1. Just to be sure I understand: of the beta bridges DSSP finds with both ends in the range 26-138, what percent are antiparallel, rounded to 5?
2. In Å², and per residue, what accessible area does the range 1-142 have when probed at 1.4 Å with the other protein chains present?
3. Step through the residues of the range 133-145 one at a time and calculate ³J(HN,Hα) from phi using the Karplus curve (6.51 cos²θ - 1.76 cosθ + 1.60, θ = phi - 60°), rounding each to whole Hz and writing x for Gly and Pro.
4. Please go through the range 99-154 and write out the trypsin sites (Lys or Arg not before Pro) that DSSP classes as loop and that have at most 10 other C-beta atoms within 10 Å.
5. So what's the net charge close to F76: Lys and Arg +1, Asp and Glu -1, counting the other residues with Cβ under 14 Å from its Cβ?
6. Only sites in a loop by DSSP and with at most 12 other Cβ atoms within 10 Å count here; which trypsin sites (Lys or Arg not before Pro) in the range 43-76 make the cut?
7. Please work out the FRET efficiency for the pair K77 and R10, using the Cβ-Cβ distance as r and a Förster radius of 35 Å; give the result to the nearest 0.05.
8. Quick one: Kirkwood hydrodynamic radius for the chain, alpha-carbon pairs, angstrom, one decimal?
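The values are calculated or read from the model by the stated rules, or taken from the named source; none is laboratory data. If you're wondering where the values come from, they're calculated on a predicted model, not measured in any experiment. For neighbour counting, all protein chains shown are included, and Cβ atoms are generated from backbone atoms with ideal geometry for every residue, glycine included. When the accessible area is computed, the model is the full protein with side chains, heavy atoms only, and any ligands, DNA or RNA have been set aside. Shrake-Rupley method; radii C 1.70, N 1.55, O 1.52, S 1.80 Å.
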Amino acid sequence: MNFISPTKGRMDLDALCDDIMEYVISDEESDYRLMIGTDSQVHADVCFVTAIIIYREGKGGRYFYRRFYQARVPSFKQRIFMEANYSLEVANLIMEMLDARGLGSLNVEIHLDVGKNGKTREIIKEVVSMITGCGMCAQIKPDSVGASSVADRYTKAM
């Protein structure tokens with residue numbers, strides 16, 4: 001699984017976790033949030049983008065993203081659940097790798113591209129329950145910048 005850092009270029013998950021470690025170690029006094037969100041956009045195929053943001057509270061952060069494509073998805077609802085599932089999958093991998101490096105105490109949030117406005121409002125409860133049922137914190141719009149801002153930007157940039 002490869003990701004892109006806007007400042008460092010392509011990197012695999014090991015290099016990404018090393019970069020997160022270096023970032024956190026460079027200022028251990030600060031508080032951090034690890035935000036993971038996925039967004040999608042229908043083109044000829046469905047473009048999915050998963051974003052990983054390590055945010056140093058009040059001081060900015062770094063982000064990484066992964067773009068991948070899939071054949072059409074039968075329904076809008078199914079696509080939203082796929083976005084959530086991709087975020088969970090990446091979150092579990094990263095948490096496991098960071099824990100092995102001695103950084104298991106990060107505040108991890110799954111950012112969902114659902115909100116109280118628009119057609120996603122009908123499935124908020126279901127998607128949030130899926131995330132919290134896996135022991136993760138879920139954020140929805142307008143607080144889900146990982147999915148609705150960072151990942152969204154790269155679903156449109158072809």
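1. If I count the DSSP bridges inside the range 26-138, around 75 percent turn out antiparallel.
2. 51
3. x, 8, x, 10, 8, 10, 10, 10, 4, x, 8, 9, 4
4. Answer by residue number: K116.
5. Taking every Cβ under 14 Å from that of F76, the sum is 0.
6. Here the sparse-neighbourhood loop sites are K59, R72.
7. Numbers: r = 33 Å, r/R0 = 0.94.
In this case the efficiency is close to 0.60.
8. With all distinct Cα pairs of the chain included, I get 15.7 Å.
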